[in-house]
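One structure is given here, and the rest of the page talks about it.
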Amino acid sequence: MLEDVGTKTLRYLYDFGDGWEHTIKIERIADAVPGVAYPRLVEAAGRCPPEDVGGPWGYAELLQAIDDPKHERHAELKDWIGDDFDPKTVDTDRLAEELAALAKQWSRTPTRRARPA
């Protein structure tokens, strides 16, 4: 479909209330590998923001606050997010498993050929 319409960029709004705008850039389109379910995770960078962080602006403030002990909201936001939150860490294996499960769920069921009469 992407090749048919000639686009290399997809844009979508994830959360109307918080204004999360996403851009997906298609770098290349490769031939499908037989037996592989699509879509599939090829690469991931960074952890997704937590729910209800207040959109891109709230996330930017969260990152500043948890990184700066002198920030006025440091203690509050560290308590809210917890000590194990690292925006640079991504659980690629978990994401790949979840996407593979969705790909399997979304895959087309092969049609059965009618037996010759």
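Coordinate-derived values only; no laboratory data. Remember, predicted model here, so these are calculated numbers, not experimental data. Cβ atoms come from the backbone with ideal geometry, glycine included; neighbour counts cover every protein chain shown.
What about Pro34, is it loosely packed, with under 14 Cβ neighbours inside 10 Å and in contact (Cβ under 8 Å) with a residue 12 or more places away in the chain? The answer is no for Pro34. Against the criterion of being out of contact with any Phe, Trp or Tyr (no Cβ under 9 Å at 6 or more places or on another chain), surrounded by fewer than 12 Cβ atoms within 10 Å (Cβ to Cβ), closer than 27 Å to Arg108 by Cα and of a type in the set (D, E, K, R), Asp52 does not qualify. With respect to the conditions (1) in contact (Cβ under 8 Å) with a residue 12 or more places away in the chain; (2) surrounded by 12 or more Cβ atoms within 10 Å (Cβ to Cβ), Thr7 falls short on a single one, namely (2).
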